[in-house]
Structure formats: C-alpha cells, structure tokens
Amino acid sequence: MALNLAHKSALAGLNSGCTTVARQMRLDEIQLSDEFSSLFPVNPAVLAQIVESIKKHGFDNSQPLHVWKEKGLLLDGHTRRLAVLECGLTTVPVFEHSFATEEEAMEYALGLQTARRNLTDAELLNALSKLDQLKNRGRPDGKKADDRPKGKSAAHLAKVLGTSTGKIEKARAVSKKATAEVKEAVKAGKMSVNAAYETVRAPSPEKESSTAENPSIQLDKIIFILSERKMYPAITALCSDLHIPQKVIESVLQNIPEKKRALIQNLRIGDVHGTKKS
C-alpha cells in the first residue's frame, strides 16, 4: 500500500491537465479508442468479480471512470464500463480531464494503472510500443522517439510506468532490436524483459577491445575444440593458412594437454620441413 500511495503522489506531478470533479455520464456518450482499450486487455475473472459486486452493492462511486473531456474518450475503466453494461446500468460516475496531446492522455492512463498495481513485462513492452508510436506521429522523417536524450527519456517513462530507469532501457532495447520470436515470447509471458535483453545485449567495449587486440582469445577456443576431437592436422592447417605468429601459437598451445601439444608440434614441424605424410 505504501508503494501505491507513493506512486500516486508521483502521478499527481505528471501533466494530467485540468480535472473536473466526478459527475454522472451516460454510457452511450462515452467514446472508445483502440489506442486505450488495447493497453490492458480485460481479465474475464476480474470482470466477473466487478459484476457480482455491482449486483450486490451497486457501483462503487469511489472508482469512477476517467474520460478525456474534450473528446468524451474513455482513458481508464474499460473493465468497469463492461461490468456496468452487463448489469444494465445506463449512467456511471466519471472524472473528466483535459490534455494537450494524445501522448499526455496515454501517459496519464498508464499512470493510473501503475498506481494500482505493478505492470507485467508483457504490459510494459506493450505500453512502451504504444507510447513510441504516439511520439513518432508527426515527427520529421528519420526522427524517432528514442532520439531524445537516453537518460532523460528513460527517467520520465520510469516515473510514468512505476518502474526503474534500467528496466525501461532494457525493454526499449528489446522492442527495438529483438527478433519477432523473442518479442512474442515476452508478450505471451513466456520470457522476461531481462532474459529478452540478454539476446540483444552488445558486448562491453572492454570485452570487444580485448578480443580485437588479442586474437589468441578466440584462437584458443578453436584449437581446444579441434584438439578435443583429435583433429590435429586441422590445427596445423589453421595456423599455417592464417599466418598466425609463432608467439601466439605457442601461447595458445600452453592450454592444451602435454601429449596433444606434442602431437600438434610434431605435425607443425613436419609441415615446415615438408615431411608431412600424404
């Protein structure tokens, strides 16, 4: 509860526009949009619970629907709306808000959800995708939502979505770089954002630099695998064809068991002197 209250306090600081106190509104006056209704799919079990509660106690006026005033568009409360319809009611209490852009309206709708509960990784990825689509509308060609300063954008979205900056950066990397299969696995709840991020994470600059400057790191692995399979002639051919420096070869061979190392060295000596058996 403390976390939810803390997040509600942070939500109040977001641009929620002007808010009108709750009033009764006819259901047939409330407009729907796929942009908002698809943010969080309706959970049949939750819907059934709300329907049962309304039938027993009436609609809970402390949980009004949230509507974009100028458009009459439902931002939050899609499950409650369906429950009211199923119970045969014709009006419902609503809070009306004013926003300058659809992006602001969506951020507010997301903030209301995260004030009540933590988003799943699938919901987080979906929310980021929708926000980026809105940000990219009307931008000049070639300009994208993630062209904004990375830290500032991630920090803002972390506040909106009630998560960490690091989680936002990982989710955005997955959304941008992961394969379709990986993204579908996250959306289906079969893979976490952290696991998906590991499939697209670039090697650290230090590791990349170390590998580039020291080719023996990769050569070591190749020669070890070939020696385990007793493919000694392949090792000598590899060293010869790639013109690998003697010092590098000697360094790599130190990691090979002594008997295997001797066999490889004898083959190499035979190659050098032209005594290799045909």
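The values are calculated or read from the model by the stated rules, or taken from the named source; none is laboratory data. In this text the structure is predicted, and so the values were computed from the model without any measurement. Glycine gets a Cβ as well: all are built from the backbone with ideal geometry, and neighbour counts include every protein chain shown.
At a glance:
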{"quantity": "Failed condition for K190, given (1) assigned to a helix (DSSP H, G or I); (2) modelled with pLDDT of 70 or more; (3) in contact with a helix residue (DSSP H, G or I) (Cβ under 9 Å, 6 or more places away or on another chain)", "calculated": "(1)"}
{"quantity": "Considering residues of region 156-175 that are at pLDDT below 90 and in a helix (DSSP H, G or I) only, the residue farthest from R116 (Cα to Cα)", "calculated": "S175"}
{"quantity": "In region 49-90, the residues that are more than 19 Å from R117 (Cα to Cα) and of a type in the set (A, V, I, L, M)", "calculated": "V51, I54, V67, L73, L74, L82, A83, V84, L85, L89"}
{"quantity": "Top-ranked residue in region 213-247 [being more than 42 Å from the chain's Cα centre (by Cα) and of a type in the set (V, I, T); ranked as modelled with the lowest pLDDT]", "calculated": "I244"}
{"quantity": "Test: residue in region 196-203 that is at pLDDT below 70 and over 28 Å from L124 (Cβ atoms)", "calculated": "no"}
